[in-house]
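Notes follow once the structure below has been shown.
The values are calculated or read from the model by the stated rules, or taken from the named source; none is laboratory data. This structure is a prediction, so every number in the text was calculated from the model and none was measured. Neighbour counts run over all protein chains shown; Cβ positions are idealised from the backbone, glycine included.
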Amino acid sequence: MATRDFVRAVRNAFLMLAVLAAVATTPALAAPQALLAEAQADMKALDAEVKPGIPHRLDLANPLHYRYITETFKRAGKTPENSPQLFRTLENGRDIATAALQKNATRPNRALAVNAAASDGIQNLNFIATFSQDNGTGSSPAKARATLSATQPGYQATGISSVAGGTTSTSIVMELYEVETGKVYATKSGSQFSQGTDFRVQVEGQVPAADGNPTTQAKGLFYYYPANAGPTDPPVVYVQTFQDTLNPTSACLNQPNYCVRNASGNCTGSYETSCTNTKANTTPIKLCWYRGSQQECDYWNSTAHPTNFVFPLSGSATFANTVVSPPAGVTSIYIQNPAGGGCNVYFQQGTVLEQQYWTANGQTISWNYPASAFPNTGNCINYYDGTAANLWVTAYVALNGSQGQEPPFGTLNFTSDRTYLGTPGVNIIPPLYIMQGCLAEGTEITLADGSKRPVEAFTGKGGESVKSADGKTSEVHGTTQGTEPHPMIRIKTDAGHDLLVTRTHPMILANGLPLQARYLRVGDELASLEGKARVTLLTLEDYKGKVHNLLTQPYPTSGTYYAGGLLTGDANMQQSLASVGERTPLRSRAEIRASLPKEWLQDFDNSPDP
């Protein structure tokens with residue numbers, strides 16, 4: 001087939017094909033489920049509305065969508081008897097949407113693709129994060145691998161739901177489906193209550209030997225009921241599919257990358273060139289908005305909020321098959337906030353990938369996005385306030401098939417989420433740390449000799465020593481400065497301390513543990529020059545002046561110093577604290593149950609422990 005004709009065929013195919021709480025899971029199916037004729041017809045009809053690789057929102061007033069949702073849940077073991085509130089919310093959502101259609105004399109919506117307009121700003125993420133062929137080796141430990149045959153392909157797919165503000169209930173159903181035979185040969189489902197900020201379900205399975213080599217489709221159904229929804233509000237439901245895919249034989253993400261640092265730990269202005277997914281990469285790549293120095297940060301903008309996300313993104317992947325030229329497919333780049341939701345900083349759902357960014361050369365596809373390709377739409381940057389966020393780079397690209405072979409697709413999976421370490425086809429890359437957290441200008445810092453100096457007077461160029469924890473002293477290795485868009489926190493104590501800090505600046509408790517300032521409570525005891533001091537007042541305060549911070553240990557070691565007489569953490573501690581500071585603490589099953597509205601209790605009680 002000529003390249004031009006193949007691209008046209010790919011385009012037509014896209015048009016026609018249509019993740020710490022109580023979790024209920026279902027095991028992968030022991031044997032394939034052959035769908036009834038009606039269910040198989042619904043599956044094919046929905047596929048005609050859904051483009052592979054793109055999440056689509058379903059309309060509960062659409063009879064096809066409603067049947068597909070309820071039948072999928074029933075296949076996964078959820079019924080009106082064991083999950084009554086889930087089905088009540090679906091029925092209520094259908095009734096509300098149907099009434100609106102009748103009032104406006106309109107028709108139900110087809111599956112609505114997530115598009116560029118919908119992706120501007122902070123959004124709830126519901127998507128298939130990984131889909132790869134395992135070639136019969138299995139993506140889980142040896143126990144699962146021993147059950148798979150090398151003669152039949154195996155697949156894995158992972159769905160993630162991450163909702164800003166959390167949910168009362170989230171459910172995901174992941175299925176592996178044979179397009180030609182109409183069999184669902186693996187299902188995994190899960191439900192989560194009173195969290196919903198980072199919930200995921202992974203399914204894996206092997207194509208049954210008797211079925212030959214059918215086309216495998218991964219389907220993800222995502223349901224969530226927002227935490228702030230009322231008892232009569234409708235739920236939100238998405239679906240996404242991927243179809244038969246090949247993993248790269250090799251892959252490399254070389255940007256963003258770590259800045260090359262000198263013996264003092266300062267950035268030299270040049271960048272490492274090795275692939276971040278092929279080396280130790282647990283240290284976050286540090287991005288600085290509003291504040292920070294080029295010496296401290298890997299990528300930075302020190303004067304104001306940037307108009308884009310300031311980091312470039314480039315890499316390459318090689319497949320066993322040649323890549324269609326010009327490249328065709330779908331790509332999504334997300335930054336996921338551990339507090340829930342995130343921003344889709346780049347999303348292309350057309351069939352031909354933008355040639356200014358993507359190139360194909362034989363079996364290799366390469367991409368090279370400048371920082372300007374990732375705009376700060378909807379002021380997304382403000383949402384990453386002192387957090388270590390997960391970067392997701394996913395793409396679904398068209399490959400050339402051999403004669404008589406259905407043209408396959410290749411999948412690119414790059415993620416900062418280390419829970420996928422060892423999953424075939426998934427490349428682990430560093431998290432992104434967004435620097436926010438400083439002291440107000442004029443804050444007095446205690447020097448090694450006991451004298452005081454305002455924080456803005458430090459240069460970080462050597463010869464400056466400050467008092468630190470446990471009676472020690474520390475050299476100042478660097479400084480940061482900028483402005484703060486959020487209200488700051490004024491801390492007052494019974495010993496007369498009065499300190500103004502940003503929300504994510506680390507404060508040291510009297511027991512030695514660090515804590516972001518926003519998590520302080522009146523009555524907490526802080527470490528001070530005098531020993532300890534009890535917090536008596538915490539107030540929010542708008543602040544228009546400059547904010548500053550110090551580095552008192554070589555990067556990335558955490559350091560401390562005394563600000564306004566209270567022991568605080570330096571910029572490096574700020575970064576290390578951010579990786580856990582946003583995460584919801586583990587709660588017992590009883591605590592989760594106590595937090596739920598009464599109408600959800602039966603669903604929760606019927607959901608076993610994970």
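Observations on the structure shown:
- Pairing each residue of the range 217-229 that is assigned by TED's automatic domain parsing to the domain that holds K51 with any residue that is basic (K, R), provided the two are 6+ apart or on different chains, yields no C-beta distance under 8 Å.
- Residue in the range 251-274 that is buried (at least 18 other Cβ atoms within 10 Å of the Cβ) and within 26 Å of L60 (Cα to Cα) present: no
- Hits in the range 458-477 - residues which are farther than 17 Å from H548 by Cα and buried (at least 20 other Cβ atoms within 10 Å of the Cβ): K467, S468, S474
- Residues that are at pLDDT below 95 and either more than 28 Å from L537 (Cβ to Cβ) or more than 32 Å from the chain's Cα centre (by Cα) (or both), drawn from the range 474-492: S474, E475, V476, H477, G478, T479
- Considered as a group, the residues in the range 226-246 that are in contact with an Asp or Glu (Cβ under 8 Å, 6 or more places away or on another chain) and within 26 Å of E180 (Cβ to Cβ) include one that is surrounded by the fewest Cβ atoms within 10 Å (Cβ to Cβ), and that residue is D244.
Yes/no matrix, rows are residues, columns are (1) surrounded by 20 or more Cβ atoms within 10 Å (Cβ to Cβ); (2) in contact with a Pro (Cβ under 6 Å, 6 or more places away or on another chain); (3) modelled with pLDDT of 80 or more:
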position	(1), (2), (3)
D134	yes, yes, no
S149	no, no, no
Q152	no, no, no
Q156	yes, no, yes
I160	yes, no, yes
V163	yes, no, yes
G166	yes, no, yes
M174	yes, no, yes
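- Of all residues in the range 333-380, those being in a helix (DSSP H, G or I) and modelled with pLDDT of 85 or more number 2.
- Count of residues meeting criterion [crowded, with 23+ Cβ neighbours inside 10 Å, modelled with pLDDT under 95 and under 24 Å from S607 (Cβ atoms)] in the range 53-77: 1
- Matching residues in the range 252-301 - criterion: being of a type in the set (G, A, S) and modelled with pLDDT of 90 or more: S270, S274
- Strands (runs of 3 or more DSSP E) contained in the range 406-516 and holding at least 2 residues aromatic (F, W, Y): 409-415
- In the set (1) of a type outside the set (V, I, T); (2) closer than 21 Å to G53 by Cβ; (3) crowded, with 22+ Cβ neighbours inside 10 Å, G340 fails one condition alone, (2).
Yes/no matrix, rows are residues, columns are (1) surrounded by 14 or more Cβ atoms within 10 Å (Cβ to Cβ); (2) in the same structural domain as D570 (by TED's automatic domain parsing); (3) among the polar types (S, T, N, Q):
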| site | (1), (2), (3) |
| --- | --- |
| T483 | yes, yes, yes |
| I489 | yes, yes, no |
| N511 | no, yes, yes |
| R518 | yes, yes, no |
| A527 | yes, yes, no |
| G545 | no, yes, no |
| L550 | yes, yes, no |
